[in-house]
Every structure is written in C-alpha cells, then in structure tokens.
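*Asks:* Have a look at this one before I ask anything.
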Amino acid sequence: MRRHDHGSSASPASEAKTGNAARVDAETDGSERAGAETGGRGEREETAVRLRGVGKSYGKGHTAVEALRGVDLTIGTGELVVLLGPSGSGKTTLLNLIGGIEPASAGTVEVAGRSLAGLDEDARTAYRRDAVGFVFQFFNLVPTLTAMENVRLVAELVDGERGGRRAGRGRRRERAREALESVGLAGRADHFPAQLSGGEQQRVAIARAIAKDPELLLCDEPTGALDLETGLGVLRVLQDLNRRGRTVLVVTHNAAIAAIAHRVVRMRSGEVVDVATRAVPADAGEVAW
Ligand SMILES: Nc1ncnc2c1ncn2[C@@H]1O[C@H](COP(=O)(O)OP(=O)(O)O)[C@@H](O)[C@H]1O
Ligand SMILES: [Mg+2]
C-alpha cells in the first residue's frame with residue numbers, strides 16, 4: 001500500500017534495534033490514515049520526518065551543553081506524535097532542528113525525504129516559511145491586528161515569497177477564513193487578541209500556522225499557558241487537523257496529552273528513551289489532567 005524508504009540503508013531489524021521501531025509502527029497503524037488522505041500510493045512521502053544519530057551541542061569546552069545525543073526518530077506522514085519529557089530534556093531543541101530554525105551538530109534531519117543540512121540559506125528560509133507551521137506556548141499574535149488579519153498576514157507573506165504560486169487577494173482571504181473556520185473561530189474573525197480567551201488566541205495561532213498549508217505542524221507546549229478546559233479545546237483542534245491528514249508533532253511535559261497520540265516519544269537528558277504506539281488514540285474530548 002505504502003511506498004518504502006527512500007534511499008535508507010536501515011533495515012527493519014536495525015530500526016527496531018534503535019528503540020524507535022517507528023517504521024514498523026507506521027506500517028501497521030499509519031497506513032489507513034495516509035492511504036485515505038492520498039488516495040493511493042506515491043502521491044506524497046510516507047515518511048514525514050527522519051532523524052538519525054542527531055546531536056546538538058551549545059557552546060564549547062567545559063561549558064558546552066549537549067542538548068541532544070544520538071536521537072533516532074521517524075514520524076510517518078499523517079501521524080500525530082507526542083514528544084514527552086521533563087523541562088530541559090531537549091524537546092524544544094529537537095523541534096527547532098526539525099523546523100529548520102537551527103542546524104544539527106551531528107547526524108541527519110530529513111523532512112519529506114529532503115535533508116535539511118543540504119539546504120542553503122535561501123532554501124532553508126523557504127522551508128521554514130512554506131513547509132512548516134509553528135505553534136508556540138505563548139500565542140504571539142499581533143495585538144493590533146484582528147484574528148483574521150493575524151492569519152492573513154502570514155498567508156500574504158508566504159504567498160508574496162512563493163512567486164509563481166501567488167494567489168489572488170480574494171483567494172488569500174478565503175484561505176484565511178477557511179483556516180479560522182477549521183479551528184472553530186469563523187465567528188471571531190474581527191476580534192482583536194485582547195478580546196479573545198487564551199484558548200481562542202491559541203486557536204487563531206493554529207489557524208495562522210495552517211493557512212499556508214504546511215506539510216508539518218510543530219507545536220511547542222501548545223497548552224502550556226492554558227487551563228484544562230481551554231487546553232482541551234486546543235488539543236481537539238490539533239487532533240481534528242490530524243484526522244484530516246496533517247502530520248502533527250506536539251511537544252509537552254504534560255503526560256496526559258500522550259493519550260491522543262498515535263505514538264509517544266519520551267525524552268530524558270537529550271535522549272529518546274522510549275517510543276510507544278497507541279493502536280487507538282483517545283479522543284481529545286476524553287483527556288483529563
Ligand atoms: N541556545 C541555547 N544555548 C545554550 N543552551 C541551550 C540553548 N537552548 C537550549 N539549551 C540547553 O539545552 C537543554 C535542552 O533545552 P530545551 O530543548 O529547551 O529543553 P526542553 O524544551 O525539553 O525544556 C537545556 O539544558 C538547555 O539549557
Ligand atoms: Mg521547551
């Protein structure tokens with residue numbers, strides 16, 4: 001059903017040995033989602049993200065910090081993966097490497113089959129801008145722009161830079177409206193951030209991230225600043241986007257969030273210490289913490 005690895009020398013056995021038997025997991029529980037979305041083989045890469053032997057250190061000499069060590073991780077297209085670990089375990093660093101915000105110090109980071117190390121500065125900028133949607137703990141909305149304007153701002157920036165694929169103004173507005181609709185906020189389009197609850201602001205931030213139709217949605221502690229009820233609303237939106245085919249990586253220190261994942265990756269001190277698969281992820285509506 002699904003295509004196999006692209007130029008990888010890793011056999012299933014060596015995959016399993018790394019402790020990240022993600023390839024196997026993706027084959028068993030990922031096929032239905034990806035298949036349904038692509039309508040068959042070959043329309044998009046089956047592996048969204050592949051990290052091999054990834055290290056990241058900051059500083060030099062005896063003050064050097066090894067934020068990541070020997071990380072192997074594979075995320076299948078269409079998966080919802082939760083990366084769980086205590087503060088300081090390297091979660092944000094890992095997200096930043098996948099998002100092309102920082103380069104790895106060692107190993108390889110591939111997204112949809114392309115190596116990020118192989119990109120020059122312009123290509124890396126284009127990758128960050130076009131291929132990845134970021135959602136952060138603090139929503140970072142522009143306070144003087146409405147929800148709709150916040151979403152359109154990014155859509156316009158991306159479009160302006162994409163050149164040949166530039167959409168008309170009407171189409172951009174439509175796309176922004178669709179994005180707000182998909183997070184349940186069509187009715188709040190003309191509200192300013194200060195007129196929205198924290199959960200609503202985060203949903204606007206998610207709409208902003210998806211308005212450019214990224215391959216990957218990277219979320220760093222997306223519920224970290226929210227209370228239970230609004231946090232659950234945000235998880236529901238992320239799960240819904242995933243069920244409609246988007247690959248989502250959620251970084252959190254909150255173990256309760258792991259319930260909604262297809263796979264849970266646990267980190268400690270810069271290393272992946274466990275990868276677990278859930279045959280049937282819980283509905284975000286059922287999560288409690
Ligand atoms: N820019 C940086 N310079 C130096 N050390 C850093 C930098 N970013 C992160 N670190 C260190 O790397 C480790 C992992 O950090 P981080 O990825 O932010 O962890 P987490 O997101 O899991 O809390 C921590 O020890 C942190 O202090
Ligand atoms: Mg962090």
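*Asks:* Check which residues have an amide H placed less than 5 Å from T77's amide H, if you skip close sequence neighbours.
*Replies:* Those qualifying (amide H under 5 Å, at least 5 residues apart or on another chain) are T47, A48.
*Asks:* Sequence gap at least 6, Cα distance under 8 Å: using those rules, report the relative contact order of region 204-253 to the nearest whole percent.
*Replies:* Details: 40 pairs, mean separation 24.7, N = 50.
About 49 percent, as a whole number.
*Asks:* Follow-up question, since we're still on this one. What list of ³J(HN,Hα) couplings, whole Hz, do you get for region 186-203 from phi and the Karplus terms 6.51, -1.76, 1.60, once you set θ to phi - 60° and write x for glycine and proline?
*Replies:* 4, x, 10, 4, 9, 7, 7, x, 5, 8, 10, 5, x, x, 5, 4, 5, 5
*Asks:* Over what distance in Å are the Cα centres of region 230-257 and region 53-79 separated?
*Replies:* If you average the Cα positions of each part, the centres end up 23 Å apart.
*Asks:* So, one more: For M267, list long-range residues whose amide hydrogen, built 1.01 Å from N in the peptide plane, is under 5 Å from its own amide hydrogen.
*Replies:* The list, which skips near neighbours in sequence, is L84, G85, V273.
*Asks:* Can you work out the Karplus-derived ³J(HN,Hα) for every residue in region 137-144? Use 6.51 cos²θ - 1.76 cosθ + 1.60 with θ = phi - 60°, whole Hz, and x for glycine or proline.
*Replies:* For region 137-144, the Karplus curve yields 4, 9, 4, 6, 7, 6, x, 8 Hz.
*Asks:* Here is a further query. Starting from the 7 Å offset along Cα-to-Cβ, what nm value, one decimal, do you get for the label separation of A117 and A255?
*Replies:* The answer from the label model is 3.5 nm.
*Asks:* List the residues whose amide H sits under 5 Å from the amide H of G107, counting only those 5 or more places along or on another chain, with H placed 1.01 Å from N in the peptide plane.
*Replies:* Residues meeting the criterion, in which the H sits 1.01 Å from N, are G55.
*Asks:* Hey, another quick one. Looking at region 155-289, what % of its DSSP beta bridges pair antiparallel, to the nearest 5?
*Replies:* 55
*Asks:* At Y58 and A288, where each label point lies 7 Å from the Cα along Cα→Cβ, what is the point-to-point distance in nanometres?
*Replies:* In this crude label model, Y58 to A288 measures out at 3.8 nm.
Quick note: the coordinates plus some simple rules give every number you see, no bench work behind them. The structure presented is a predicted model; accordingly, all values stated were derived computationally and were not measured. With ideal geometry, Cβ positions are generated from the backbone for all residues, glycine too; neighbour counts draw on all protein chains shown.
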